[in-house]
Amino acid sequence: MENVVTNPQVYEHSIMRRAVFFVILFCFTASYSLVAQETTLSKKGRENFDKAQKAWQERQLGEAIILFEKVLAENPKSYDTNMRLAQIYDLQRNADLTQKYYTAAVSIKPDAPQSATAFQWLGRYYFQSERYDSAQVFFENAFKLFPPKSSLSRLAEKSIVSSKFAREAIKSPLNIEKRSMGDTVNFLRTQYFPVMTADNETLIFTGLTENRDENIYISRRSKDSWDTPEEISPAINTINNEGTCSVSADGRTLVFTACNRPDGYGSCDLYISQKEGSDWSAPVNLGQQVNTRDWESQPSLSADGHTLYFASERKDGQGKRDIWVSVLDEKKQWGAPKNLGPAINTSDDENAPFIHANGRTLFYASNGLPGMGGFDIFVSQKIDTVWSAAKNLGYPINTAAEQVGLFIASDGRTAYYTDDTSDRGKGRSLLYSFEVPESLQNIIVPARYAKGKVTDKKTGEPLASEIDLFDLKTQQKVGAFSSDSKTGSFLTVLNKGGEYAFYVSKAGYLFKSLSFSVSDSVSFVDLEIPLEAIEKDRAEVLNNIFFQTSKYEVDEKSKVELDKMADFLTRNKSIKIEISGHTDDVGSDGENMELSRRRAQSVQEYLHKSGIATERISSRGYGETKPVAGNDSDENRQRNRRIEWRIL
């Protein structure tokens, strides 16, 4: 099963793990009981017991039940018979009858070593029923009887800790209200792993059809509801399984899991596809650095598309399935993945990572840490290069059911996730949303975003352009992306409360600089960016040139802008330009004219020192004679204080 599907593995894998565990428990008990058969049975009872054993071994369970019941009718205190019936009903997934016979068995021989399995099963039974006090007692009894330092002993010990955790967590529930995303989105019996673009306008998720075919679906927000989901693209979905995807903040890069493809390295690999306009490119395998002969799945892509978190069973991890990370290098190649280490990974399973748009808050599912049962969702914060100790998100985000596939919107206010309701008799996995409680919002630094469109100023046609994003406070480049070649649109995530510079460039056009800040009260900035073609008398403002009041020496913060100007002139060697300085109307005409001349000259000198020939640049001051706005407010005066450059 693991080699066929990509996402039911989160649920089915956990079920499989439990099934494997109980097979181990069964073998542990069965082998002991066959050796230590009871001697208190009558001759008839022994005959029925032996016949029942034979039927059991031949997997004729119905006949075995009848014969074992006959033994109990004569001797209800038969320990081995109660154990056998419990095991049979466990195989038949009849929890109530399993509980009945295991309870009878441990009351007869509470100290028998083989009763450890019964105590562990009963602990799990009561745990899933949220009766944590009883569960703890049974787990403690199991722990005493399992071989010291064995895997079963460690499991019992972890179960005890989880019982204590769950009992306290349910006493202090988080104030959340889970809401189904509705029948329009939840149109299949099973859907999971929701992800969204940073503007919260596009939802992408995985769905499992009745034919057990996993596909990726997309839905777009329509006012307060979601449109009918559609398959994302015939270039991505095939007759095989595709799922567990992640999308970049702008919705133009998709990383997803696909299984059993001819170009695969293992059972399930990670693939990448790029979107231009409305079309997705043919998926490309991420290569043998990321993918191995083992299982790789459940990717989470950082907002800028340069860092990839994913789950893998590859060797040299902390346990079974671990969370790994790979970084895209300057050559656009994915680097060798690194294990996130013991702060995140345990000796059991970790999966379903989600890195928030802020790039520092990681959510993921684990069954190796104390929790509410099965897979719980945990959170860890990245401080510099170190991950903090994982914290359980608490009840009722986590319950006795399986919780995986959490996604939290870029503003940190709304969460979307998968809730497995199969153990409640509904047999479905649905997508839910809830408002993030304040206690969790406080640890999530919200991300803002800038979106917009790049066009040709004269024709209005969309343009594909390169965009560099700089933090004005640190003068560091914090992002590099492009606008869509077919639509001209772009979207990028911003840090909270930042001051930014945008540099938009395209061959044949003047580069454009913009500056803006993002306040806590604004979730996004909308930027329409018209580019001027390189033609005589076309001009642009250098928006990120800074001077002290009444001074003409360029501030250190201007270096990035001036270097961009020098680079443009280096790449366009035939161009000659005029640098012009302008002021507002504060001060005398003569002072303003001289100040504007000296400022333009300072820019000219910087460009000369950067290697641009003297004859290619002239400078001139215009003082307050060419305002672009009325000098009637601080904002307008700031617009008038500017440095321009014009094609000669």
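Phi-derived couplings, Karplus 6.51 cos²θ - 1.76 cosθ + 1.60 at θ = phi - 60°, listed residue by residue for the range 160-174: 5, 4, 5, 4, 5, 4, 4, 4, 6, 4, 6, 6, 10, x, 6 Hz, with x used for Gly and Pro. Most tightly packed first, judged by the mean number of other beta-carbon atoms within 10 Å of their residues, the peptides 251-259, 76-84, 130-138 read 251-259, 76-84, 130-138. Projecting the Cα atoms of Ala501, Phe193, Gly587 onto the charge dipole of the chain (Cβ charges, centred on the Cα centre) puts Phe193 farthest toward the positive pole. Among the aspartates and glutamates, select those whose C-alpha is under 13 Å from the C-alpha of Lys70, and discard any that sit fewer than 8 residues away in the same chain. Cα-Cα hits under 13 Å: Glu47, Asp50.
Matching the structure-derived semi-axes √(5λ) of the Cα gyration tensor in Å against the labelled list (1) 51, 24, 23; (2) 66, 23, 20; (3) 45, 34, 21 gives the label (2). Applied to the range 176-189, the Karplus parametrisation 6.51 cos²θ - 1.76 cosθ + 1.60 on θ = phi - 60° returns per-residue 3J(HN,Hα) values of 10, 10, 6, 10, 4, 6, x, 5, 5, 6, 7, 8, 10, 5 Hz, with x for Gly and Pro.
Given Lys382/Lys453; Lys512/Lys559; Lys551/Lys626, which pairs have Cα atoms separated by over 22 Å?
Working: Lys382/Lys453 33 Å; Lys512/Lys559 16 Å; Lys551/Lys626 20 Å.
Over 22 Å Cα-Cα: Lys382/Lys453.
Normalised by the number of residues in the chain, what is the relative contact order in percent for Cα pairs under 8 Å and 6+ residues apart? RCO, the chain: 8 percent. If R₀ is 60 angstrom, what is the calculated FRET efficiency for the pair Thr570 and Arg179, using the beta carbon separation as r and rounding to 0.05? After rounding to 0.05, the efficiency reads 0.60.
With 20 Å as the limit, write out which pairs from Lys477/Lys564; Lys100/Lys144; Lys158/Lys320; Lys331/Lys473; Lys536/Lys576 have Cα-Cα distances beyond it, or answer none.
Details: Lys477/Lys564 12 Å; Lys100/Lys144 22 Å; Lys158/Lys320 16 Å; Lys331/Lys473 28 Å; Lys536/Lys576 10 Å.
Too far apart for the 20 Å limit: Lys100/Lys144; Lys331/Lys473.
Residues of the range 524-551 with backbone nitrogen within less than 18 Å of a virtual label 7 Å along the Cα-to-Cβ line of Glu594, please, listed as ranges. Residues 548-551 qualify, since their backbone N sits under 18 Å from the label point.
What shape does the range 139-254 take by its C-alpha gyration tensor, where a ≥ b ≥ c are the square roots of the eigenvalues and a/c under 1.5 counts as rounded, a/b above b/c as prolate, and the rest as oblate? Prolate is the answer for the range 139-254, as a/c is 1.5 or above and a/b outweighs b/c.
Around the Cα centre of the range 495-643, unit charges on the Cβ atoms of Lys, Arg, Asp and Glu (plus for the first two, minus for the last two) sum to a dipole of about 680 debye.
What FRET efficiency comes out for the pair Val628/Lys391, r = Cβ-Cβ distance, R0 = 45 Å, nearest 0.05? Working shown, then result.
Working: r = 52 Å, r/R0 = 1.16.
Rounded to the nearest 0.05, the efficiency is 0.30.
Highest mean packing comes first when the peptides 185-194, 401-410 are listed by Cβ atoms within 10 Å, giving 401-410, 185-194.
Quick note: the coordinates plus some simple rules give every number you see, no bench work behind them. Owing to the predicted nature of the structure, the values given are computational and were not obtained by experimental measurement. Every residue, glycine among them, receives a Cβ derived from its backbone with ideal geometry; neighbour counts consider all protein chains shown.
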